[in-house]
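First the structure, which I've put down as structure tokens, then a few questions once you've had a look.
Just so you know, all these numbers are worked out from the coordinates, no wet-lab data involved. These numbers come from a predicted model, not from an experiment. FYI the Cβ positions are ideal-geometry reconstructions off the backbone, even for glycines, and counts take in every protein chain you see.
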Amino acid sequence: MGAVRSYFSLDNYNQMVSTLDQLKNSLDEEEARLREKTKRMLSATEAHYGPDSSEYEQVGGTRASERKKPAKGSTKSTPDKATTPDKA
């Protein structure tokens, strides 16, 4: 009787895991749709009001004037031979 009982418990567990997998897949699909809709809405707001508008900021964008500017002269420099240890 114990073996039959544990079989049904395992079967129930497997069914629950399968159901949870389906729910997770459904949630992932909904999140992807929402992400795409949000991206399109942000893009449309930027096109209509401009990338530096308060409306663009209100819908979640970062205003162009608030973005960090790249530092001047921030190119990668090669190490100087004088500071590189000699390979003897």
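From the set of residues in segment 52-75 that are closer than 20 Å to Met41 by Cα and β-branched (Val, Ile, Thr), which is surrounded by the fewest Cβ atoms within 10 Å (Cβ to Cβ)?
Per the criteria, the residue is Thr62.
Taking segment 41-51, which residues are surrounded by 11 or more Cβ atoms within 10 Å (Cβ to Cβ), part of a helix (DSSP H, G or I), out of contact with any Gly (no Cβ under 7 Å at 6 or more places or on another chain) and not polar (S, T, N, Q)?
Across segment 41-51, the qualifying residues are Met41, Ala44, Tyr49.
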